[in-house]
Amino acid sequence: MVGMRAKESEPSDIESGGYRHCQSLLKGLDLLAALNRLPSGSASISELARLTSIHRTTVKRLLETLREEGYVTAESATGHYRLTFRVQRLSYGFRDTVSITETAWPFMRALSKEIVWPCSLVCAEGDNMVVRSSTRSYSPLSFHPGMPGRRLSMLSTSAGRAFFSFLSQEEQRTLLEIIRTRNDEDAAHASNPDWVSAVVDQTRKRGYAINQGEWSEEPKFGGIAVPLMHQGRVLASLNIIFLLQAVRDASSVKRIGDSLLRTAGLIEEQFSKRQQGGRS
């Protein structure tokens, strides 16, 4: 099976990150999408080949791979392939991200009004963080217009450190292995186990993460962030960004951190109620 996947990985355009497109993955996703669009959720190899313009032999090979992994099942009587419930797992993280963002927004507005500095909700995307929502347009001290969608460092920003520190040890190890393969400041951090351990221990002890200009892209800015948790799992980070020259003393940092912790508690409580309501 490993050999099959390697054979299917055909080079295409090279992205800016240096990675080649994996055509087999794209074709497999096309097959899942085609099955999902059909009213019955099932189709024959010939029908899928026609719908996706993928050669029948490739369709068969990809479907058998998806079947072995549990994403589709084959009906012996008709020869059709059908989606399984395992496909729903692919959207779990997305739903949580959307739901936590919607839940957090009014609390973020209130927090930003209280402390003036802009507040952002930041979620993990692979080995980086991505801003999903921000109160920057409502803050008189906003210096980063159009912040939503911006990618942030996992280990050099407060948002990333807050998220990383509250992952399980297994999740942390996996992320560190990925980050070490890069050629940037995060790779250097990930290769220093003592540094990683110190950041995690300090963040967990305080309850919030701090960045005081360590991120090379924003050396004049600091950040404080807390994790947003649900059932023992970290979903996102709630982040405050400020000018270092304006927030210098430890008492000011602690005041922002305490406000973030209080707000995070309110968001988590409301999120849990919404999740319970959705299951009732």
message: Taking the conditions exactly as written (of a type outside the set (G, A, S), under 19 Å from the mean Cα position of the chain (by Cα), part of a helix (DSSP H, G or I) and exposed (fewer than 14 other Cβ atoms within 10 Å of the Cβ)), does R161 satisfy them or not?
response: no
message: Given the condition of a type in the set (S, T, Y) and surrounded by 14 or more Cβ atoms within 10 Å (Cβ to Cβ), answer yes or no: does some residue in the stretch 185-201 qualify?
response: no
query: Across the stretch 224-245, what is the total count of residues that are without any contact (Cβ under 8 Å) to a residue 60 or more places away in the chain, more than 20 Å from S133 (Cβ to Cβ) and either assigned to a strand (DSSP E or B) or not polar (S, T, N, Q) (or both)?
result: 2
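Per-residue answers, yes or no, for (1) farther than 14 Å from Y81 by Cα; (2) at pLDDT 85 or above; (3) surrounded by fewer than 17 Cβ atoms within 10 Å (Cβ to Cβ):
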| position | (1), (2), (3) |
| --- | --- |
| E10 | yes, no, yes |
| C22 | yes, no, yes |
| G28 | no, yes, no |
| A33 | no, yes, yes |
| S44 | no, yes, yes |
| K60 | no, yes, yes |
message: If I filter the stretch 202-212 down to residues being of a type outside the set (V, I, T) and in a helix (DSSP H, G or I), which single residue comes out as surrounded by the most Cβ atoms within 10 Å (Cβ to Cβ)?
response: R206
query: Here are T174, T181, T135: which of them is in contact with a helix residue (DSSP H, G or I) (Cβ under 9 Å, 6 or more places away or on another chain) and surrounded by fewer than 18 Cβ atoms within 10 Å (Cβ to Cβ)?
result: T181
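The values are calculated or read from the model by the stated rules, or taken from the named source; none is laboratory data. Treat the numbers as computed from the prediction; the structure is a model and nothing was measured. Here Cβ is always computed from backbone atoms with ideal geometry, including for glycine, and neighbour counts include all displayed protein chains.
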